[in-house]
Each structure stands twice: as C-alpha cells, then as structure tokens.
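J.: Just dropping this structure here.
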Amino acid sequence: MDLCNAQGRQKKEHEIKKLKSLEVKTLRMGAPKGIKVIHAYDPAIVDYGFWSQCKRSGIYFITLEKANCALIKCGDIEKVFDQNKNKLGENKAWAKSQTAKKQHAHFICIAHNLMRVLSMTLESHEGITDEKSRQRRDMRKSTAGRKARINNRTINPLVARFDRPTQRCLQFIRWLRLSLSKNLSYSQAVHDLRPLMRSYLK
C-alpha cells in the first residue's frame, strides 16, 4: 500500500488515516469473496473500531501491542475450566479414545455457550443479572486502571469496553438443572429464578 508522501513542508499523513480512506476492495487486494485477508502491520495500525468495521468484510490485522497499552489478564480459560470442573462436574473424560474426548469437549462448549445465551436473554428480556459478578468486574477494572495510571500507562480500550461474566454463578447453574429436571416452562423457571438471584446478593 502506498502512503501519502510529504509535499513541501507538509507532514506525512499517518498510516491509519490513509488506511481508513481506502476502499474495502483495495484492502482485500483482489481476494475473492469468502476468502479472509490478513494484514501484518506495525502498532500504528491499532484502531479497534476500524478493525471491527474491516472484520465484517473479511479483513483482519495482526500487530504488536503498543508499549503504553496495559492489558487486563482475565484468565478466561482458567475460569471456564473451573466452572466446567467444579460447577458442572465435568472432571473426567467419558472415554479414552481421542474421538470420545473430542466429542466430550464439543458438548461442554455447546453447554457453556447455551448458558451464555440464556444469561444474555435473561438480562435483556427479564432484567435478571448476576449483579455480584458485575460488581467484582467493576472493582477489578478500577484497580487495574489505577495501577496503569501509576505506571503512566493506559488500559487497552478493547478490554476496557469488554464487560461480560466468564463464569455462571452456582445459583444459576443449580436453578437451570432443577428447571430442566422438572421440565418447567420458561415463565415458571424465570419466576423461580428472581428470588434466588436476590438472595444471592445478600
């Protein structure tokens, strides 16, 4: 890609500004529809809003993190593993073969994602949230922000805007198990969940 060259005393245009002015067709570099395009670039390309727009057209960027950008390490993998082992009781493989282990992992992932979808539905449609978990996340973000400012750094904006629980609370999982075992309707199950989540906050 060509960048704007300086004309006379005029400063050279920043790469990210030039890239944003390019058409999607140019950024895809002639790649056919359905093929993803990856650009390797220096940290000047870091712009998460621009990346999000490009992703819709199958365009991705890889780069190094900026030196003054602090990341919050959430340990999502460890937390989900803990949920599967200690809350869902999935602490042993179903069988010894690689095929069985792979299928087991697929079912665990499906169960995890279905619980996520249900949690989001309960929040958006029923106003039921895991408030205690949200408070803990806000506290961790606040602490990380203070540490970053002390070290003259900034929190990665992608992480700062990222706000979702990694685990489901045990009250939610117990409620879900009981509702499924009793074959309760959605409305009845939601009715039972409200007082459980309120008592969970106490």
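The values are calculated or read from the model by the stated rules, or taken from the named source; none is laboratory data. This is a predicted model, so every value here is computed, not measured. Cβ sites come from the backbone with ideal geometry, for glycine too, and all protein chains shown count toward neighbours.
J.: Within segment 176-197, identify whether any single residue is modelled with pLDDT under 80 and on the phi < 0 side of the Ramachandran plot, and answer yes or no.
T.: no
J.: Within segment 18-42, can you find the residues that are loosely packed, with under 12 Cβ neighbours inside 10 Å and either part of a helix (DSSP H, G or I) or at positive phi (or both)?
T.: Residues satisfying the conditions are Ser21, Lys25, Thr26, Met29, Gly30, Gly34.
J.: Which residue is modelled with the highest pLDDT, if the candidates are limited to segment 148-175 and must be surrounded by fewer than 13 Cβ atoms within 10 Å (Cβ to Cβ) and over 30 Å from Gly89 (Cα atoms)?
T.: The selected residue is Ile150.
J.: Okay, moving on. So the check is Cβ under 6 Å with 6+ separation or different chains; which pairs have a first residue in segment 126-152 that's closer than 18 Å to Leu193 by Cα and a second one that's of a type in the set (A, V, I, L, M)?
T.: Within 6 Å, the pairs are Glu126/Val190; Ile128/Leu122; Ile128/Met197; Glu131/Leu201; Lys132/Leu201.
J.: Being modelled with pLDDT of 75 or more and assigned to a helix (DSSP H, G or I) is the requirement here; does Gly49 meet it?
T.: So Gly49 passes the test.
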